[in-house]
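Comments concern the structure below.
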Amino acid sequence: MNAPVAPDEVARVTALADRQLAILQILARLPQLPTMPEVARHLVSSLNDTDADLTPILRDVGRDMVLTAKLLRLANSPRFGLARSVASVNDAATVIGTEALRTLALSACIAGSFPKIPGFGREAFWRTSLATGGYARWLAKPAAVDPESAYLGGFMVNLGELVLALALPDYVRMVEAVPHAPGARLSWEQARFGFSHADVTAELAARWGFPLPLVDAFRFAADPFEPRRFSRLAAVIRMAMRMAEVGSHGDKGDAAVDALPGEIVDHLQLDRAWLVAHKPGWPELVAGAEAF
């Protein structure tokens, strides 16, 4: 005989189902979801294959002049601290590595997949996305997380905001009308809509074919303790979101580190003094945003 299901587990599963239904109802308002170019789909497929040969995929990237220009602008930005500038995709792959280059190429493809939205601060959005990705990559090592997965997760986690702005004409106005403490937007959206923009990102990433661990990290970004097993990647993304939100209002002193969720910092046993001493600067993280 099967053991009875605990009431709290029933409640958890029911809440997840209700959240998913609410997301699907919002997505149904869109004529179609944003789509990525073929080269981006190949890049995503390679994320699911640890033995994938990136050489032919990056060769395809190099044939797209617009994508290459964006990619080289990002590769030559201060975030990599290159001793010399790179002038081609092959050159960039040699200097920063094929995996890092794949991440940058995906970032550029993703940014180009969304149309301009009236009233939506596109440049500020992509600056925050780059910063979130950069903070996530920086936090990855002390948190024992793959840095490229962390960067991609941080860069993508707020894409749900763009989807919501496309689906709900009043979304931008509603968000701007409500004052938010650092990290409070996800909770406000959950209370208002029954889900957060990170949940929408999870659905979008699943439909685009991104790896399940990354999809789950978006789904649990609001609360990395929610799944049965603590999600380190979701925790890194959550911390990076906090830091980027604070940084977008002025990268001053220790404010970004002070805004980190204490329960996550303690669980990962991170050293706050080290974080303060080694925190990357905002200008370094957002360099290249004009490419988007």
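Computed values, structure above
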quantity	calculated
Checklist (1) in a helix (DSSP H, G or I); (2) farther than 23 Å from P283 by Cβ; (3) within 24 Å of the chain's Cα centre (by Cα) applied to R73, failing item	(2)
Qualifying residue in segment 198-221 (condition: at pLDDT below 90 and either in contact with a Ser or Thr (Cβ under 8 Å, 6 or more places away or on another chain) or basic (K, R) (or both))	no
For A150: the one exception among (1) hydrophobic (A, V, I, L, M, F, W, C); (2) closer than 19 Å to A22 by Cα; (3) touching a Leu at 6+ places or on another chain (Cβ under 7 Å)	(2)
Selection status of R19, touching a helix residue (DSSP H, G or I) at 6+ places or on another chain (Cβ under 7 Å) and at pLDDT 80 or above	yes
Considering residues of segment 109-143 that are in a loop (DSSP other than H, G, I, E, B) and hydrophobic (A, V, I, L, M, F, W, C) only, the residue farthest from A69 (Cα to Cα)	A143
Segment 269-292: number of residues that are in a helix (DSSP H, G or I), under 19 Å from the mean Cα position of the chain (by Cα) and loosely packed, with under 15 Cβ neighbours inside 10 Å	2
Residues (surrounded by fewer than 18 Cβ atoms within 10 Å (Cβ to Cβ) and not in a helix (DSSP H, G or I)) located in segment 184-205	A184, G194
Test result for E123, of a type in the set (D, E) and over 22 Å from H249 (Cβ atoms)	no
Failed condition for D266, given (1) in a loop (DSSP other than H, G, I, E, B); (2) acidic (D, E); (3) at pLDDT 95 or above	(1)
In segment 176-201, residue farthest from G247 (Cα to Cα) [restricted to those that are small (G, A, S) and free of Cβ contacts under 8 Å to residues at least 24 places away in the same chain]	A191
Qualifying position, being within 21 Å of G247 (Cβ to Cβ), out of contact with any Gly (no Cβ under 7 Å at 6 or more places or on another chain) and among the polar types (S, T, N, Q), among N158, N76	N158
Those residues of segment 144-183 which are of a type in the set (V, I, T), surrounded by 20 or more Cβ atoms within 10 Å (Cβ to Cβ) and in a helix (DSSP H, G or I), in sequence order	V163
Of all residues making up segment 77-121, the number that are free of Cβ contacts under 8 Å to residues at least 24 places away in the same chain and either among the small types (G, A, S) or over 28 Å from T201 (Cα atoms) (or both)	13
Matching residues in segment 215-241 - criterion: being of a type in the set (K, R), surrounded by fewer than 22 Cβ atoms within 10 Å (Cβ to Cβ) and not in a loop (DSSP other than H, G, I, E, B)	R232
Inter-residue pairs, beta-carbon under 9 Å, first on the phi > 0 side of the Ramachandran plot and in segment 133-145, second surrounded by fewer than 24 Cβ atoms within 10 Å (Cβ to Cβ), 6+ apart	A144/R232; A144/L268
Among residues of segment 74-86, those that are out of contact with any helix residue (DSSP H, G or I) (no Cβ under 7 Å at 6 or more places or on another chain) and either crowded, with 19+ Cβ neighbours inside 10 Å or modelled with pLDDT of 80 or more (or both), counted	4
Test set (1) out of contact with any Lys or Arg (no Cβ under 9 Å at 6 or more places or on another chain); (2) surrounded by fewer than 20 Cβ atoms within 10 Å (Cβ to Cβ); (3) of a type in the set (K, R) - R127 fails condition number	(2)
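The values are calculated or read from the model by the stated rules, or taken from the named source; none is laboratory data. Keep in mind the model is a prediction, meaning the values are calculated, not measured. Every residue, glycine among them, receives a Cβ derived from its backbone with ideal geometry; neighbour counts consider all protein chains shown.
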